[in-house]
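The values are calculated or read from the model by the stated rules, or taken from the named source; none is laboratory data. Being a predicted model, the structure only gives us computed values, none of them experimental. FYI the Cβ positions are ideal-geometry reconstructions off the backbone, even for glycines, and counts take in every protein chain you see. With ligands, DNA and RNA removed, areas are computed over all heavy atoms of the protein, side chains included. Shrake-Rupley method; radii C 1.70, N 1.55, O 1.52, S 1.80 Å.
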Amino acid sequence: PLEADSFSLSADGRRVALGVIAGGFTGDVWTLAVPGGTPSKFTFGPPPGWSYPVWSPNASEIAYATLDNAGLSGYELRRKKSDMSGSEESLVKSDAIIRLWDWAPDGTYLVYNSNNALWQLPVDAQRSPRKPVQLTTAATDEEYGQVSPDGRWLAYAAGDRGDMQVYVQPMPATGAMWLVSKDGGTQ
């Protein structure tokens, strides 16, 4: 059995991408047809490996992040075609831990967190510069960003670990946000 720390279901519901941990220190992304498919390794290191996979809306690509292994000299987001053709592409590098959460329904950007904030990263460098745009500015941790199916809203958790609440805000970000959880929440 595979020990997964993260997963993403393709939009058609026929495949899942898993962030699989080996020995608690390294990981890679694996894919699996559902139901009943055989797991297939999708990334191949280097250590500490990859996790936090997300499918593109048309399931033609999977994006993923450096496995959260505090103390590294750098972290990054990459993407690769889901059929394994071609080579992987580096999307952004950071000195801080990156966790990838969602791919916008229109396919134009990814949502990830780094330095306790949520960021929007355009994925088509030919149409828009690949410069991250900060989406949130609270002084607490902000994680688990998910874009609504119509692309108009971002739901996320913010707060101190163990005391997080769920918020929504419009997309593009305007600075407005609304608390939607009552007694805490994350995902």
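A quick yes/no check of all residues on (1) within 25 Å of Gln146 (Cα to Cα); (2) in contact with a strand residue (DSSP E or B) (Cβ under 7 Å, 6 or more places away or on another chain); (3) among the charged types (D, E, K, R):
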site: Asp12; (1), (2), (3): yes, no, yes
site: Ala17; (1), (2), (3): yes, yes, no
site: Thr31; (1), (2), (3): yes, yes, no
site: Gly36; (1), (2), (3): no, no, no
site: Pro48; (1), (2), (3): no, yes, no
site: Ser56; (1), (2), (3): yes, yes, no
site: Ser85; (1), (2), (3): no, no, no
site: Lys93; (1), (2), (3): yes, yes, yes
Would it be correct to say that Ala63 is touching a residue at least 60 places away in the same chain (Cβ under 8 Å), of a type in the set (Gly, Ala, Ser) and either open to solvent by less than 60 Å² (accessible area, probe 1.4 Å) or in contact with a strand residue (DSSP E or B) (Cβ under 7 Å, 6 or more places away or on another chain) (or both)?
yes
Ala139 fails exactly one of (1) modelled with pLDDT of 90 or more; (2) of a type in the set (Gly, Ala, Ser); (3) surrounded by fewer than 16 Cβ atoms within 10 Å (Cβ to Cβ), namely (1)
Condition first: open to solvent by 20 Å² or more (accessible area, probe 1.4 Å) and of a type in the set (Val, Ile, Thr). Can you find one or more residues in segment 109-118 that meet it?
no
When you scan segment 28-45, do you find a residue that is at negative phi, open to solvent by 30 Å² or more (accessible area, probe 1.4 Å) and β-branched (Val, Ile, Thr), even just one?
yes
Over segment 147-187, the set of residues open to solvent by 90 Å² or more (accessible area, probe 1.4 Å) and among the β-branched types (Val, Ile, Thr) is Thr174
Run down Ser73, Ser90, Ser51, Ser85 and say which single residue is loosely packed, with under 13 Cβ neighbours inside 10 Å, of a type in the set (S, T, N, Q) and not in a loop (DSSP other than H, G, I, E, B).
Ser90
